[in-house]
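Visitor: Take a look at this one; I'll ask things after.
The values are calculated or read from the model by the stated rules, or taken from the named source; none is laboratory data. Note that the coordinates shown come from a computational prediction; the quantities given were computed from them, not determined experimentally. Methodologically, a virtual Cβ is constructed for each residue, glycine included, from the backbone with ideal geometry; neighbour enumeration extends over all protein chains shown. Surface accessibility is based on the protein's heavy atoms, side chains included, excluding ligands, DNA and RNA. Shrake-Rupley method; radii C 1.70, N 1.55, O 1.52, S 1.80 Å.
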Amino acid sequence: MIAAVLFDLDDTLLDRTGSLRSFLEDQYGRFSARLGSASFQQWQERFLELDQRGYVPKSEVYPKILKAFGGDLSIAELLLADYSERCCEHARGFPHMRETLEQLRSEGLQLGIITNGWTLFQTRHINALGLDELVDACLISEAEQLRKPDARLFARAGARVGVSLQDCLFIGDNPVADILGAQGAGMQTAWIRRGLDWPADAAPNPGDTLQELHEVVELVQDSRGVSR
Ligand SMILES: [Mg+2]
């Protein structure tokens, strides 16, 4: 029976693209005189393209985008530091994030987050969304010195919430790092697809597929035989 639900952060709880779009608008407004020829629309679209849903470090994205639009290359570091400090001010969760976590908690489940990323940056986002008060454990790869899909990180999270791995359900958007990683550690899984298809070159999806975050509640209730 499911006794703990563990979540990925970016693109699972945190609407990363929505948050980033909002931050970029703010940053563009403050630095536009030094960003070269790009209109805001062009700047934003190119940034999102270079960013690859967060998988390319911003230390690479800023020099590339400044170069592309003939901006002032000497401010790449400044833009990066600004991003690290202020992106969290634009953090927004997906619809029903808070209610979903509160509902799960009210049913006695342990809750946690496992995220790959920088400790300070991820902590700022976790706190900005109030997640620090909604979950029992947060594991950030830099602090833990382990990254998803490493099974040891999932095992550590299970231990942190005091639930055996087969009774943990992991929710994430990344097929390999999240879903196959959690499965490899012995957890149950649900993939939140975010409009994408499961990659053809990956092992098959071992668990459920969700469209929206709040569907987790029904999934857990069904597994626990709770009548609704
Ligand atoms: Mg993610």
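Visitor: Can you tell me which residues in the stretch 58-99 are basic (K, R), open to solvent by 30 Å² or more (accessible area, probe 1.4 Å) and touching a residue at least 12 places away in the same chain (Cβ under 8 Å)?
Guide: Going residue by residue through the stretch 58-99, those that are basic (K, R) are 58, 64, 67, 86, 92, 98.
Next, only the ones that are open to solvent by 30 Å² or more (accessible area, probe 1.4 Å) stay: 64, 67, 86, 92, 98.
Within the stretch 58-99, K64, R86, R92, R98 qualify.
Visitor: Something else now. May I ask you to list the residues in the stretch 109-122 that are open to solvent by less than 50 Å² (accessible area, probe 1.4 Å) and within 27 Å of V220 (Cα to Cα)? Lay out the reasoning, then the answer.
Guide: If we filter the stretch 109-122 for residues that are open to solvent by less than 50 Å² (accessible area, probe 1.4 Å), which is where we start, we get 109, 111-117, 119, 121-122.
Answer for the stretch 109-122, where residues must be open to solvent by less than 50 Å² (accessible area, probe 1.4 Å) and within 27 Å of V220 (Cα to Cα): L109, L111, G112, I113, I114, T115, N116, Q122.
Visitor: Something else: Filter the stretch 1-11 down to the residues that are surrounded by 14 or more Cβ atoms within 10 Å (Cβ to Cβ) and more than 16 Å from the ligand (Cβ to nearest atom) and list them by number.
Guide: Result: I2, A3, A4.
Visitor: Restricting attention to helices (runs of 4 or more DSSP H) lying wholly within the stretch 74-128, give those where 2 or more residues are in the same structural domain as D51 (by TED's automatic domain parsing) and farther than 14 Å from S19 by Cα.
Guide: In the stretch 74-128, 76-86 are the helices (runs of 4 or more DSSP H) which contain 2 or more residues that are in the same structural domain as D51 (by TED's automatic domain parsing) and farther than 14 Å from S19 by Cα.
Visitor: Output the residue which, of all residues in the stretch 12-52 that are touching a strand residue (DSSP E or B) at 6+ places or on another chain (Cβ under 8 Å) and of a type in the set (D, E, K, R), is farthest from the ligand (Cβ to nearest atom).
Guide: First, pick out the residues of the stretch 12-52 that are touching a strand residue (DSSP E or B) at 6+ places or on another chain (Cβ under 8 Å): 12-16.
Checking which are of a type in the set (D, E, K, R) leaves us with 15-16.
Details: D15: 11, R16: 7 Å.
The residue in question is D15.
Visitor: Looking only at the stretch 188-225, count every residue that is in a helix (DSSP H, G or I), of a type in the set (D, E) and open to solvent by less than 80 Å² (accessible area, probe 1.4 Å) and tell me the total. Break it down into steps so the answer makes sense when it comes.
Guide: First, pick out the residues of the stretch 188-225 that are in a helix (DSSP H, G or I): 215-224.
This time we only want the ones that are of a type in the set (D, E), so: 215, 218, 222.
With the extra rule that they be open to solvent by less than 80 Å² (accessible area, probe 1.4 Å), the set shrinks to 215.
Matching residues across the stretch 188-225 total 1.
Visitor: Scan G184, G162, G108, G172 and give me the residue that is of a type outside the set (D, E) and either closer than 19 Å to D10 by Cβ or within 19 Å of the chain's Cα centre (by Cα) (or both).
Guide: G172
Residue by residue, here is whether (1) in contact with a Phe, Trp or Tyr (Cβ under 7 Å, 6 or more places away or on another chain); (2) of a type in the set (K, R) holds:
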| position | (1), (2) |
| --- | --- |
| T12 | no, no |
| F31 | no, no |
| F40 | yes, no |
| R46 | no, yes |
| Q52 | no, no |
| V56 | no, no |
| V61 | yes, no |
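Visitor: Let me ask another. Answer yes if at least one residue in the stretch 137-148 is away from the ligand (no atom under 16 Å from the Cβ) and either crowded, with 22+ Cβ neighbours inside 10 Å or in a helix (DSSP H, G or I) (or both), and no otherwise.
Guide: Yes, the stretch 137-148 has at least one match.
Visitor: Does any residue in the stretch 118-138 that is farther than 16 Å from S84 by Cα come within less than 6 Å, Cβ to Cβ, of a residue that is in a helix (DSSP H, G or I) six or more places away or on a different chain, and which pairs are these?
Guide: D132/I126; L134/L101; D136/V161; A137/R160; A137/V161; C138/I126
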